[in-house]
């Protein structure tokens, strides 16, 4: 209240003082433009200047700051908008804050929106948060607002002056007036063009314009409630033969319940017709001959339209001899023409800043922008109607009354005017048809189709296709819309230029709405990133990225061709895929564009989000079966077909939709014959196309992260084909496989391809936590097998050997060799990067019984057929305590096998692995620094490591081999390993592919580049591993694509290599004598392998690649300076998250959600949920229940109204001599207070800022 009082007094003083003290020679336009580069404090909050109605203002004033900015008071100049009243309820809040914050003695400039203000309206801009709706130009005045009748302003002074327009200026003004009228451009343009339907029986009509109650233009325009009453009476009495149309202010419709007018209470009665819905003013002007206004701008537009205008207030355009004024309007000293008034206000007084145009812009630029972007276009001309349609736009209509007008309006707004719009009323239960009929009355291009019975949206589209006349067909659903008015014109041009059967446009966005219809936000569809490049001519087989296309309605179809291939929808709903794939496989020429087309509305009540039943599932079956049939008809059954990958993609999604969503759960609950019939139908489809577990395409189901990492899809496919519903259910629910059931499958040698697939899929799935150790105490084995522990040094073929035994586990078990399925480590996001059985070391050191119990239960289940257990890991070489595995299995005959390479070669390879191989303990120090670490020094002493093992198992059980082809059995590592372990069965196994062999390498320069990034912060460990994978594969591809070699990493100088080998001479000699019988003490013969010199120069594209990879992996609060070195500044730190007052949503909701949902449904995500519950909920659940998540975890600023404490705390800091802390306070007040070193300070922070948790 006090703030408003201060602002009101200051506001009145400014108005009064400026009437007597102002420089009459100032040209306000030049005065304002001279301040463009100044720091300008604006009476809008920063959010308005960024996202809402004021978003264009910084085009004119780049240094503008909002009233909520801490730097506002330090601005050089100030702009204030809105009037201030004694009653704070009616005062402009931004104006109050601005006047209160401005230093004494400042001289602010008043500003208001101009009269060609926006392509939409201020209300739409704030409601939808769309910056493209922002104001295109403002009027400025240093004396008073233009609507203040008792305070003559710069506009009135100019009109009272003796200045006359030149012939050119007058002609320009007249031309623009005519354009406004002809093109029906108004102040607010989010108003339909179609004429309202009026009662018949009157030869003429007059218009009475309502205004928002207590609006500044009425208060300062000398209007009262009684004036509006007098105006309506005058309209009735002066026009006894006329219908009286009362048009309410559009704000009353757009801001329902918030802004009422003087005539809001009226109802249509007698001669009075009340129009409440928005409608373009010029449409009404066509129906009337006289317009009655208070001070409404519609009076000026009515003058433009050649209507008689009667004023009851004192508008700025009144009193110049153009209007019938019913009260004396002060400060008018001459007459003016309509061109004079237009030029003064629209050309001189208003300064425009139109997107995409020079600034200051011209009024013509604003008109161009409005015509291009307004949601309601002009009605078509007769010439346009007479031209055959280029495009038939088909819109199924059922239950979309709330959205259909916006949908159709966006199609009408297309710059391609030669279209026909075919809304198909599929027996809609609402009033949508009345809206369609009203729109069709004004636009003959709209040709409604009304069905007698509900057939479903797929068949409804078919009926429209049959009736379409356009050269092309475009589909859009009735609740979506086309934000880009040039979309159809662009797509048609591409189609005609390339002879395309289909042309793709991009999905513009996904607009998320709450259950109550409230807009929440726009989000991009991630799959659209695959379509950022235009391709003029291609085919489905040639361009696999088309598989990433999600919708049939992003394509323009050539109608004749669509009829030729009999392209129709085969189901009523869930109909997209079959129609689209049939079209794609038949298309002779496809074109892909980057043109944004349709915005997809996400709403909880839509067809795609309602609960599904058996009819839906049958349609889903038909949809997929028809899709696969279309691919099969074009040869995709043949494994060599270029369309085989396309079939794999769709078949993988078929399994996802049928097995991991409602159909499986529904039929499983039904059980009996219904469930078996369901399984048989899915299996029959798999068999029909010879689709096996190995054909599964994980890229088609990327959202199923946990199932993909577990190999659950492959198991589901194999289990379906093998007739194992128990294993299918385990895969669906990510349930561990009991040991006894697992080994029962492994015991049987596969007799059919389906048997082989099942074993392979089960072998991949049933590992670590997804195999369940038998319950109870394991019986002691009768005959204990030997245990071979392979400790693989880096780059000695360990990964190859591990993958060999891993992938052949069932076959090895049948031959008595067990490569255990537990104790394994691999990187979740890089499954080919594994560390073998590294977890055995931790269990051994801690003497945890879990892994040992699993081994003993397994031996009991498999009888005495197991004679050898093999444990292998590179980590065993690096882990100082790995030898305790022998103690862990003290009752067993333990052997150890190690392959050694020269210390200089090992150090070179191990350093590259630690830096750029995605090691868990990444290294960011130089090679020289790393060599001096105690861990590295210890690892270079091979003898000490070997001796630790020998002390436990005996020297005779230690098998030391050299990693040197010259020393291998038959010159082959596998043959050598098979001989030294006495496991010849290994030689008969299928060998792993190249990716599993882990042979990728980077050059020295590339490793160094990665090292510089290792010093930075990453979002989490998986993000780091993903970064490494992206970078290493990206570097390899970059070089291969350009024919560039990738050199080998080499960090050693000759001197350093000699030093390393000299330091290891004695320990190496001990190994040579003990394990190789070489009395000369020579362990490694010959010289080290030196990679040839190569050009390792990095290219700019490689720097860009690693920077982009880091950008995707960094924490959200890290500022990437783009300088890849260890001295990069990091802006990491805790952030403030709003969990409600005193964090109640954190300490109350989090445990509830853990109990009720997270633990039950997704235990694997529990750590991520606990780390930041609000972020997790918004990221994973908001797309399904946006309104509920918005209530539970509202994404609102924590500071809010509590920012009133900031100036008080700032003053306290000044008084206590702590001015150096003020920047930290202003940067983040809550974090500043929460970080108080004293307990009383932290308690105080909770009192003044009760919201906001440091996370």
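The values are calculated or read from the model by the stated rules, or taken from the named source; none is laboratory data. In this text, all values refer to a predicted model and were calculated from it rather than measured experimentally. Methodologically, a virtual Cβ is constructed for each residue, glycine included, from the backbone with ideal geometry; neighbour enumeration extends over all protein chains shown.
Filter region 378-391 for residues that are at pLDDT 95 or above and touching a helix residue (DSSP H, G or I) at 6+ places or on another chain (Cβ under 7 Å); which is nearest to residue 464 (Cα to Cα)?
391
Please go through region 432-451 and pick out each residue that is modelled with pLDDT under 95 and under 22 Å from residue 568 (Cα atoms).
Once the filter is applied, which keeps residues that are modelled with pLDDT under 95 and under 22 Å from residue 568 (Cα atoms), region 432-451 yields nothing.
Considering only residues that are buried (at least 22 other Cβ atoms within 10 Å of the Cβ) and either in a strand (DSSP E or B) or under 35 Å from the mean Cα position of the chain (by Cα) (or both), which ones fall in region 331-368?
Answer for region 331-368, where residues must be buried (at least 22 other Cβ atoms within 10 Å of the Cβ) and either in a strand (DSSP E or B) or under 35 Å from the mean Cα position of the chain (by Cα) (or both): 350, 352, 353, 354, 361, 366.
Return the residues of region 780-808 that are farther than 20 Å from residue 844 by Cα and more than 45 Å from the chain's Cα centre (by Cα); say none if nothing qualifies.
Passing the criteria: 782, 783.
Of all residues in region 37-53, which are out of contact with any strand residue (DSSP E or B) (no Cβ under 9 Å at 6 or more places or on another chain), surrounded by 15 or more Cβ atoms within 10 Å (Cβ to Cβ) and in a loop (DSSP other than H, G, I, E, B)?
First, the residues of region 37-53 that are out of contact with any strand residue (DSSP E or B) (no Cβ under 9 Å at 6 or more places or on another chain): 37, 51-52.
Narrowing the set further to residues that are surrounded by 15 or more Cβ atoms within 10 Å (Cβ to Cβ) leaves 51-52.
Within region 37-53, just 52 meets the criteria.
Listed here are the residues, each with its yes/no results for (1) in contact with a strand residue (DSSP E or B) (Cβ under 8 Å, 6 or more places away or on another chain); (2) assigned by TED's automatic domain parsing to the domain that holds residue 797; (3) assigned to a loop (DSSP other than H, G, I, E, B); (4) more than 22 Å from residue 878 (Cβ to Cβ).
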site: 944; (1), (2), (3), (4): no, yes, no, no
site: 959; (1), (2), (3), (4): yes, yes, no, no
site: 967; (1), (2), (3), (4): yes, yes, yes, yes
site: 977; (1), (2), (3), (4): yes, yes, no, no
site: 985; (1), (2), (3), (4): yes, yes, no, yes
site: 1012; (1), (2), (3), (4): no, no, no, yes
site: 1031; (1), (2), (3), (4): no, no, no, yes
site: 1034; (1), (2), (3), (4): no, no, no, yes
site: 1037; (1), (2), (3), (4): no, no, no, yes
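Which condition does residue 501 not pass, out of (1) touching a strand residue (DSSP E or B) at 6+ places or on another chain (Cβ under 6 Å); (2) modelled with pLDDT of 90 or more; (3) loosely packed, with under 15 Cβ neighbours inside 10 Å, if it passes all the others?
Checking residue 501 against (1) touching a strand residue (DSSP E or B) at 6+ places or on another chain (Cβ under 6 Å); (2) modelled with pLDDT of 90 or more; (3) loosely packed, with under 15 Cβ neighbours inside 10 Å, the one that fails is (3).
Scan region 74-91 residue by residue and report those that are closer than 21 Å to residue 140 by Cβ and surrounded by fewer than 17 Cβ atoms within 10 Å (Cβ to Cβ).
Correct list: 76 only.
Look through 915, 894 and report the one residue that is at pLDDT 90 or above and farther than 24 Å from residue 829 by Cα. Walk me through it before giving the result.
Numbers: 915 fails: farther than 24 Å from residue 829 by Cα.
Result: 894 is the single residue among 915, 894 that is at pLDDT 90 or above and farther than 24 Å from residue 829 by Cα.
Looking only at residues that are closer than 23 Å to residue 697 by Cα and under 21 Å from the mean Cα position of the chain (by Cα) in region 533-550, which one is surrounded by the most Cβ atoms within 10 Å (Cβ to Cβ)?
546
Buried (at least 20 other Cβ atoms within 10 Å of the Cβ), closer than 30 Å to residue 946 by Cβ and at pLDDT 95 or above, is that true of residue 820?
Answer is yes for this residue.
How many residues are at pLDDT 95 or above and either surrounded by fewer than 21 Cβ atoms within 10 Å (Cβ to Cβ) or part of a strand (DSSP E or B) (or both) if we restrict to region 471-485?
6
Of all residues in region 155-174, which are surrounded by 12 or more Cβ atoms within 10 Å (Cβ to Cβ), farther than 17 Å from residue 334 by Cβ and without any contact (Cβ under 8 Å) to a residue 40 or more places away in the chain?
171
Can you name the number of the only condition in (1) surrounded by 18 or more Cβ atoms within 10 Å (Cβ to Cβ); (2) in contact with a helix residue (DSSP H, G or I) (Cβ under 7 Å, 6 or more places away or on another chain); (3) in contact (Cβ under 8 Å) with a residue 40 or more places away in the chain; (4) over 30 Å from residue 50 (Cβ atoms) that residue 426 fails?
(3)
Tell me, yes or no, whether region 165-172 has at least one residue that is touching a strand residue (DSSP E or B) at 6+ places or on another chain (Cβ under 6 Å) and not in a helix (DSSP H, G or I).
There is no residue in region 165-172 that is touching a strand residue (DSSP E or B) at 6+ places or on another chain (Cβ under 6 Å) and not in a helix (DSSP H, G or I).
When you look at residue 403, is it assigned by TED's automatic domain parsing to the domain that holds residue 460 and either surrounded by fewer than 20 Cβ atoms within 10 Å (Cβ to Cβ) or within 34 Å of the chain's Cα centre (by Cα) (or both), yes or no? Walk me through how you get there before you give the answer.
Details: assigned by TED's automatic domain parsing to the domain that holds residue 460: yes; either surrounded by fewer than 20 Cβ atoms within 10 Å (Cβ to Cβ) or within 34 Å of the chain's Cα centre (by Cα) (or both): yes.
When the stated conditions are applied, residue 403 passes them.
State yes or no: is residue 984 at pLDDT below 95 and under 23 Å from residue 867 (Cβ atoms)? Steps first, answer last, please.
Numbers: at pLDDT below 95: no; under 23 Å from residue 867 (Cβ atoms): yes.
Taking the combined requirement at face value, the residue does not satisfy it.
If only one of 489, 528 is buried (at least 17 other Cβ atoms within 10 Å of the Cβ), under 30 Å from residue 377 (Cα atoms) and in contact with a strand residue (DSSP E or B) (Cβ under 6 Å, 6 or more places away or on another chain), which one is it? Break it down stepwise before answering.
Working: 489 fails: in contact with a strand residue (DSSP E or B) (Cβ under 6 Å, 6 or more places away or on another chain).
Just one listed residue meets the conditions, 528.
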